[in-house]
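Chemist: Let me give you the structure first, and then I'll get to my questions.
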Amino acid sequence: MLRLVNRQRRDRVPVAWLSRVARCVARRLKVALRGELVVTFIDHRTMQRLNWRFLRHRGVTDVLTFRYS
């Protein structure tokens, strides 16, 4: 399952369109969509807080990933 979520208000994020594009790319690349992939768009303040909470470093990064194995 692929799910995109927009939890910020500053920038318009075309979530429905991005979901369609991601599914199309997965089909073309023959990627099996087993499990769950969630992409969440957040603001800078939230990213700073999550970086500190989970990685213990300050500041904003472009991506924060978690492994669920």
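Chemist: Tell me, what is the 1.4 Å probe accessible area of T65, in Å² to the nearest 10?
Modeler: My reading of the accessible area for T65 is about 110 Å².
Chemist: Given the whole protein assembly as supplied and a 1.4 Å probe, what does the accessible area of D62 come to in Å², nearest 10?
Modeler: Roughly 150 Å² of D62 is accessible to a 1.4 Å probe.
Chemist: If I fit a long axis through the Cα atoms of helix 15-28 and take the longest principal axis of the Cα atoms of the chain, what angle between them do I get, 0 to 90°, rounded to 10?
Modeler: Taking the Cα atoms of the chain, the angle to 15-28 is about 50 degrees.
Chemist: Using a Förster radius of 35 Å, what is the FRET efficiency between H57 and C24 based on their Cβ-Cβ separation? Nearest 0.05, please. Don't jump to the answer; show the numbers that get you there.
Modeler: Values: r = 35 Å, r/R0 = 1.01.
So the FRET efficiency works out to roughly 0.50.
Chemist: Compute the Rg/Rh shape ratio of the chain: radius of gyration over Kirkwood radius, all on alpha-carbon atoms. Don't skip to the answer; put the middle values down first.
Modeler: Numbers: Rg = 14.1 Å, Rh = 13.8 Å.
With Rg and the Kirkwood Rh in hand, the quotient comes to 1.02.
Chemist: Treating only the Cβ of Lys, Arg, Asp and Glu as charged (+1, +1, -1, -1), what charge dipole size does the chain show about its Cα centre? Round to the nearest 20 debye. Working shown, then result.
Modeler: Values: 17 positive and 4 negative charges, 18 e Å.
In debye, rounded to 20, the chain gives about 80.
Chemist: On a 1.4 Å probe surface of the protein chains, which of M1, M47 comes out largest in accessible area, and what is the full order? Could the numbers behind the result be given before it?
Modeler: Details: M1 120, M47 15 Å².
Largest accessible area first, the residues go M1, M47.
Chemist: Follow-up question, since we're still on this one. Please compute the per residue accessible area over the chain with all protein chains in place, 1.4 Å probe, rounded to a whole number of Å². Please report the intermediate quantities before stating the final value.
Modeler: Working: 6500 Å² over 69 residues.
Here the per-residue accessible area is 94 Å².
Chemist: Over the chain, what percent of the accessible surface lies on carbon and sulfur atoms, probe 1.4 Å? Mind dumping the intermediate values first?
Modeler: Details: 3410 of 6500 Å².
Percent of accessible area from carbon and sulfur atoms in the chain: 52.
Chemist: Compute the acute angle (0 to 90°) between the alpha-carbon long axis of helix 44-55 and the principal axis of greatest extent of the alpha-carbon atoms of the chain; round to the nearest 10°.
Modeler: Its long axis makes an angle of about 90 degrees.
Chemist: Mind listing which trypsin sites (Lys or Arg not before Pro) in the chain are in a DSSP loop and have 11 or fewer other Cβ atoms within 10 Å?
Modeler: R7, R9, R10, R12, K30, R34, R56, R58, R67
The values are calculated or read from the model by the stated rules, or taken from the named source; none is laboratory data. In this text the structure is predicted, and so the values were computed from the model without any measurement. Don't worry about glycine lacking a Cβ; one is built from the backbone with ideal geometry, like all the others, and counts go over all protein chains shown. For accessibility, only protein heavy atoms count, side chains too; no ligands or nucleic acids. Shrake-Rupley method; radii C 1.70, N 1.55, O 1.52, S 1.80 Å.
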